[in-house]
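Notes follow once the structure below has been shown.
No lab work stands behind these numbers, since they all come straight from the coordinates. Since the model is a prediction, treat every value here as computed from it, not as a measurement. So basically every Cβ, Gly included, is an ideal-geometry build from the backbone, and we count neighbours across all protein chains shown.
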Amino acid sequence: MSLQIRIIVAGFLASTAWTQTSLVGGALEGAVSDSTGGRIPGATVAAREVSTHQSREVSTNGEGIFRIQEMAPGTYEVLVSQSGFATYRHAGVTIPLGATVHLDVAMQSASLSTQVTVTAQPSPIDPAQISVSSAVDKERIEELPVESRNYLNFTLLASGVASSAQQQGGHSLTPLADSGFTFGGLRGRSNNVTIDGLDNNDEYFGASRTELSLETVQEFQVVNSGLSAETGGASGGSINVDFGDCVSPLE
């Protein structure tokens, strides 16, 4: 392989790696610029999770771009600092499970201000995301009523999802041994259920192997269509469960 081809391949891998999402967390990416729009390399970007106070820190690359991967779902405070510029503080940045949040930072000269604070939530739209997904957070799991203690029943909140034990006319059928849900009318055995990124599917029936208590689930993501490599392995839908700070039952 020639040197030119190696450089092209390496550049392609570097660009595609940043578009991948995670089954065990979310990601924060963006660019840091000055007031004229010029990118700032070497700026320090620190993200602190509000509830646990755990912090992650990275630096912008030569093009002023940063990315923090494998972030636990939750609300973060983002601080951006660089010599000669006022510290930038962005409060209330929500990172959903399996999603990438984009944050563009505009820093002001230190002579104009000592700190710039922003509270607006970044746009939840990820232009690199090809999947149609819904997130069920801890608040909805704790507050919304369910008929049983099965946390997976919250999957029915997502559009295009129905119980696999129903037929036309609303008559209930004897439940089959499957995941319990149909995505877009597909078989209930065609779905994929993961816990903290680990497979939780019964290899014979497609049902969930491990039942969880509602109190142990931090958040879960329901992918209806456009499955990516991270959420693939099924012709139906994908249910990705995050255990939060608890120890995963599959470990």
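Please sort 33-41, 99-107, 140-148 by packing, taking for each peptide the average over its residues of neighbouring beta carbons within 10 angstrom, highest first.
Numbers: 33-41: 12.7, 99-107: 19.7, 140-148: 9.8.
In decreasing order of mean packing, 33-41, 99-107, 140-148 become 99-107, 33-41, 140-148.
Among 86-93, 61-68, what's the highest-first ranking by average C-beta atoms within 10 angstrom per residue?
On the way: 86-93: 18.0, 61-68: 15.5.
Result, highest mean first: 86-93, 61-68.
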